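Taking it in order: structure first as structure tokens, then the write-up.
FYI, it's all coordinate maths here, none of it is from the lab. Note that the structure is a prediction, hence the values are computed from the model and not measured. Cβ sites come from the backbone with ideal geometry, for glycine too, and all protein chains shown count toward neighbours.
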Amino acid sequence: MQFNLVVSTNTAGIRCWERNGFRAIGTLPAAFRHRQLGYVDAHVMFQVLVKGKVP
């Protein structure tokens, strides 16, 4: 299962996805325009749903 976009400054959101078994498989540089910080990275999160099928 893939979740397409978690903004890198959203540390609580990243922790939540990781607690539920997701991991960042890629980073999209400057993919999100933060109101105070300007352009920041975003992560693509992924989790295998069927054990033993995909590493």
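Some observations on this one:
- Residue-wise HN-Hα coupling along the range 9-21, computed from phi with Karplus coefficients 6.51, -1.76, 1.60 (Hz; x: Gly, Pro): 7, 8, 5, 5, x, 4, 4, 4, 4, 5, 4, 9, x
- Intensity falloff of the chain expressed as log10 I(q)/I(0), Debye formula with alpha-carbon point scatterers, at q = 0.30, 0.32 Å⁻¹: -1.17, -1.25
- Normalising the average separation of contacting C-alpha pairs (under 8 angstrom, six or more residues apart) by the number of residues puts the relative contact order of the chain at 43 percent.
- Taking other C-beta atoms within 10 Å as the exposure proxy, H43, H34 rank H34, H43 from fewest upward.
- Net charge over other residues, Cβ less than 12 angstrom from the Cβ of A12 (K, R count +1; D, E count -1): +1
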